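The values are calculated or read from the model by the stated rules, or taken from the named source; none is laboratory data. Nothing here was measured: the structure is a model prediction, and the numbers come from that model. Glycine also receives a Cβ, built like all others from the backbone with ideal geometry; neighbour counts cover every protein chain displayed. Please note that ligands, DNA and RNA were not included when accessible areas were found on the heavy atoms of the full protein model with its side chains. Shrake-Rupley method; radii C 1.70, N 1.55, O 1.52, S 1.80 Å.
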Amino acid sequence: MKFQAIYVPIGVGTYEMMTAHEQFNNSIELLKSIDEDIVVPDDILLTVDAVAEFIKDKNPNLVILQNITFANAAYASEILRHFDCPILLWTLREPVIDGTRLRSNSLTGAYSAANAICAFRGEGKFEHVFGAPSEEKVKKALAATIAAAKVKVELTGLKMSAIGHTPQGFGFGRALDAELMSRFGVTLEAIEARELINKAMKYTDEECKEYLEDAKRQVVGLSNMPEQNIKDFARLYKAYKTYVEDNHIGAISSRCWPDFFTEFGTPVCMVLSLLNAINIPASCEADVYGALSMFIGTAFTGESTFFGDPVSMDEEESSITFWHCGMAACNLARCDTGATVGVHPNRKIGPVMDFGCKSSDEATIFRVGRTAEGKFRFFIADGEVMDKPKQFNGASIVVKTNESAEKIVKETIKHGWEPHYVVIYKNIADELEKLGNMLDIEVVRF
């Protein structure tokens with residue numbers, strides 16, 4: 001589905017038009033610097049009929065409604081009766097205050113437009129930014145809103161796969177296909193883990209050769225594993241990657257224990273790591289909402305994310321350590337160690353990933369969660385990834401949070417948040433919050 005955003009600048013001709021056209025031109029320049037494909041009119045839309053004419057052949061995923069000057073609620077109502085997509089209401093700062101005439105009166109126009117939007121959709125069902133096109137905060141808000149609207153569209157084209165069932169006691173990751181479709185627009189299919197295990201068992205060494213070579217180029221120490229485990233890993237990697245490619249799967253949640261240890265003899269962890277490294281988000285322990293969280297992070301950044309449990313907290317440095325057994329994307333490994341291979345910390349079978357993650361000046365912790373009543377909610381916290389070595393056997397990442405780590409841990413436990421989180425290598429807290437608003441999902445931000 002092709003993304004379309006439209007810019008709808010409204011006003012009336014009785015205000016100061018020279019200033020209005022300066023604002024119009026500057027606004028278009030700013031919007032085009034963010035997304036050159038944004039659809040803009042040839043001139044300010046000074047009547048309701050002009051608005052109707054401009055939007056009549058459009059099918060937008062985002063409307064940027066700007067009061068160039070005051071305009072009554074009929075302008076916004078014309079848009080609202082045609083479209084149900086997200087709206088960003090952009091209010092311009094009054095350009096001149098000199099004791100003479102009011103040049104634009106954009107702020108009063110925004111009140112009129114907002115009143116109409118709330119009447120049509122309910123209170124707060126839109127984004128709002130105040131300021132001139134030259135202001136950095138305006139550019140940041142516009143960019144975040146456009147990015148969120150694009151990801152919302154990407155979600156409607158996402159096909160996920162749940163490979164196997166969640167283990168007992170891990171029901172927080174279990175999802176219903178109807179709920180994912182109705183709230184996110186995501187398609188979910190499900191297969192049994194044994195289907196891929198059975199496929200893997202039938203492959204020959206020659207058929208898996210290229211998959212094994214691919215893995216060797218990305219990891220360190222695979223040759224230290226028992227030969228049979230190396231061969232079985234390659235078979236499993238081919239089975240998963242072929243399934244993903246043949247069925248156009250954009251993200252997976254995979255069962256991991258005990259099946260891959262007891263029935264196959266080799267863990268799936270490193271397979272998931274390699275998929276994550278090519279931006280096919282892959283969670284373990286069959287956590288569908290974890291995989292969805294990873295997909296959203298990757299959709300915003302174009303980069304791999306880390307998936308894991310909060311396992312340690314340091315109050316003094318305000319840090320939280322996230323860890324998992326060994327399925328972290330291999331491209332997240334520290335440069336001084338590379339993506340080292342080890343054995344599963346509990347089962348003592350390999351190959352799994354065994355490294356500390358690289359540092360970053362920016363990071364966002366994120367989770368698509370559910371309340372006790374079953375309503376969706378977003379957890380968002382920002383900070384940085386610290387320069388720390390591997391903390392435990394498996395893969396680990398240490399995040400210094402901008403909000404008190406102690407407060408985050410206490411509040412998330414108190415309010416029943418899930419034990420799996422995603423760490424994103426960029427600060428996209430604003431973008432995630434706007435996406436939550438567009439999806440009508442509660443946002444809990446620290």
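Quick look at the numbers
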quantity: For the stretch 1-159: rounded, prolate or oblate by the Cα gyration tensor [a/c cutoff 1.5]; calculated: prolate
quantity: Residue among Gly416, Ile380, Leu432 farthest towards the positive dipole end of the stretch 368-446, charges placed on Cβ; calculated: Gly416
quantity: Phi to ³J(HN,Hα) by Karplus 6.51 cos²θ - 1.76 cosθ + 1.60 over the stretch 402-409, Hz, x for Gly, Pro; calculated: 5, 7, 4, 4, 4, 5, 4, 5
quantity: Heavy atoms of Glu406 accessible to a 1.4 Å probe, total area in Å² rounded to 10; calculated: 70
quantity: HN-Hα J in Hz across the stretch 344-360 - Karplus 6.51, -1.76, 1.60, θ = phi - 60°, x for Gly and Pro; calculated: 4, x, 9, 8, 6, 10, x, x, 9, 7, 8, 7, x, 8, 5, 7, 7
quantity: Computed label-point distance, nm, for sites Asp205 and Ile278 using a 7 Å Cα→Cβ extension; calculated: 2.3
quantity: Percent RCO, i.e. relative contact order, over the stretch 1-153, from Cα pairs under 8 Å lying at least 6 residues apart; calculated: 27
quantity: For the chain, built as a Gaussian network whose Cα springs stay under 10 Å, the top-fluctuating residue of Ile55, Ile87, Ile296; calculated: Ile55
quantity: Cα extents of the stretch 202-287 along the three principal axes, largest first (Å); calculated: 30, 27, 26
quantity: Sulfur and carbon atoms: percent of accessible area, the chain [1.4 Å]; calculated: 47
quantity: Anisotropy class of the chain from Cα gyration tensor, a/c 1.5 cut; calculated: prolate
quantity: Charge dipole (the chain, unit charges on Cβ, about Cα centre) - positive-most of Gly124, Val343, Gly297; calculated: Val343
quantity: Residue-normalised accessible area of the stretch 1-134, expressed per residue, 1.4 Å probe, Å²; calculated: 48
quantity: Listed residues Leu107, Leu45, Leu176, most fluctuating in the chain (Gaussian network, C-alpha, under 10 Å); calculated: Leu176
quantity: The chain, relative contact order in percent, only Cα pairs under 8 angstrom and at least six apart counted; calculated: 12
quantity: Cα gyration tensor category, rounded, prolate or oblate, for the stretch 88-151 with a/c compared to 1.5; calculated: oblate
quantity: Cut-off 19 Å (backbone N to label point 7 Å along Cα→Cβ of Arg377), residues of the stretch 394-409; calculated: 403-409
quantity: Long-range HN-HN contacts of Ala190 with modeled amide H, under 5 Å; calculated: Ala162
quantity: With Cα atoms, 0 to 90° folded angle of helix 209-218 axis to the chain main axis; calculated: 70
